[in-house]
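Trainee: I'd like to ask you about the structure that follows.
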């Protein structure tokens, strides 16, 4: 099953969603600004991405700079921060079976399909 974790306020996320539709891919679209990640679900996605949690963080966001920048955080603490502040999560995230990519650049999604 193809899934896109989508933030409709993000232009890259919208472009990815349109690209999948144009390719005729029937994706399960999860608007994670409304259907929020749990720690468990986010950890599962990070495991599929095969990255460290900090690699999924948008470190230029105000929430990160004001609350977490410069702190020595464990992976679990980084995940908790992203769950608390969904704006910190890189987007879009596309999952296809047991593999996932961050859709920046969009070409990464083509490699996943």
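Nothing in this text is a laboratory measurement; each read-out follows from the coordinates by a stated rule. Just so it is clear, the structure is predicted and the values come from calculations on it, not from any experiment. Ideal geometry is used to build each Cβ from the backbone, glycine not excepted, and the neighbour counts take in all protein chains shown.
Trainee: State all residues of the stretch 24-33 that are surrounded by 12 or more Cβ atoms within 10 Å (Cβ to Cβ) and closer than 15 Å to residue 1 by Cα; if no residue qualifies, say none. Don't jump to the end; show me each part of the working.
Mentor: Of the residues in the stretch 24-33, the ones surrounded by 12 or more Cβ atoms within 10 Å (Cβ to Cβ) are 25, 27, 29-33.
Hits for the stretch 24-33 are 25, 27, 29, 30.
Trainee: For the stretch 59-75, does any single residue satisfy the condition of being over 19 Å from residue 97 (Cβ atoms), touching a residue at least 40 places away in the same chain (Cβ under 8 Å) and surrounded by 15 or more Cβ atoms within 10 Å (Cβ to Cβ)? Reasoning before the result, please.
Mentor: Initially, the stretch 59-75 is screened for residues over 19 Å from residue 97 (Cβ atoms), giving 59-75.
Within this subset, residues satisfying the condition of being touching a residue at least 40 places away in the same chain (Cβ under 8 Å) are none.
No, the stretch 59-75 has no match at all.
Trainee: Ok, one more. Quick one: which residue in 101, 95, 78 is surrounded by 17 or more Cβ atoms within 10 Å (Cβ to Cβ), in a helix (DSSP H, G or I) and on the phi < 0 side of the Ramachandran plot? Spell out how you get there, then give the answer.
Mentor: On the way: 101 fails: in a helix (DSSP H, G or I); 95 fails: in a helix (DSSP H, G or I).
Going through 101, 95, 78 in turn, just one is surrounded by 17 or more Cβ atoms within 10 Å (Cβ to Cβ), in a helix (DSSP H, G or I) and on the phi < 0 side of the Ramachandran plot: 78.
Trainee: Quick check on the stretch 34-49: of everything there that is in contact (Cβ under 8 Å) with a residue 40 or more places away in the chain and touching a strand residue (DSSP E or B) at 6+ places or on another chain (Cβ under 9 Å), which residue is surrounded by the most Cβ atoms within 10 Å (Cβ to Cβ)? Quick ask: steps written out before the conclusion?
Mentor: In the first step, residues of the stretch 34-49 are kept if they are in contact (Cβ under 8 Å) with a residue 40 or more places away in the chain; the result is 36-39, 42, 45, 48-49.
If we keep only those that are touching a strand residue (DSSP E or B) at 6+ places or on another chain (Cβ under 9 Å) as well, we get 37, 42, 45, 48-49.
On the way: 37: 19, 42: 23, 45: 20, 48: 16, 49: 18.
Within the stretch 34-49, the match that is surrounded by the most Cβ atoms within 10 Å (Cβ to Cβ) is 42.
Trainee: Can you pull out the residues in the stretch 4-57 that are assigned to a strand (DSSP E or B) and under 11 Å from the mean Cα position of the chain (by Cα)? Walk me through how you get there before you give the answer.
Mentor: Filtering the stretch 4-57 for residues assigned to a strand (DSSP E or B) gives 4-6, 28-31, 57.
Hits for the stretch 4-57 are 4, 5, 6, 30, 31, 57.
Trainee: Among (1) closer than 20 Å to residue 112 by Cβ; (2) out of contact with any strand residue (DSSP E or B) (no Cβ under 7 Å at 6 or more places or on another chain), which single condition is residue 28 missing?
Mentor: (2)
Trainee: Looking only at residues in the stretch 58-74 that are closer than 24 Å to residue 105 by Cα and part of a loop (DSSP other than H, G, I, E, B), which one is nearest to the chain's Cα centre (by Cα)?
Mentor: Step by step, filter the stretch 58-74, then rank; the result is 58.
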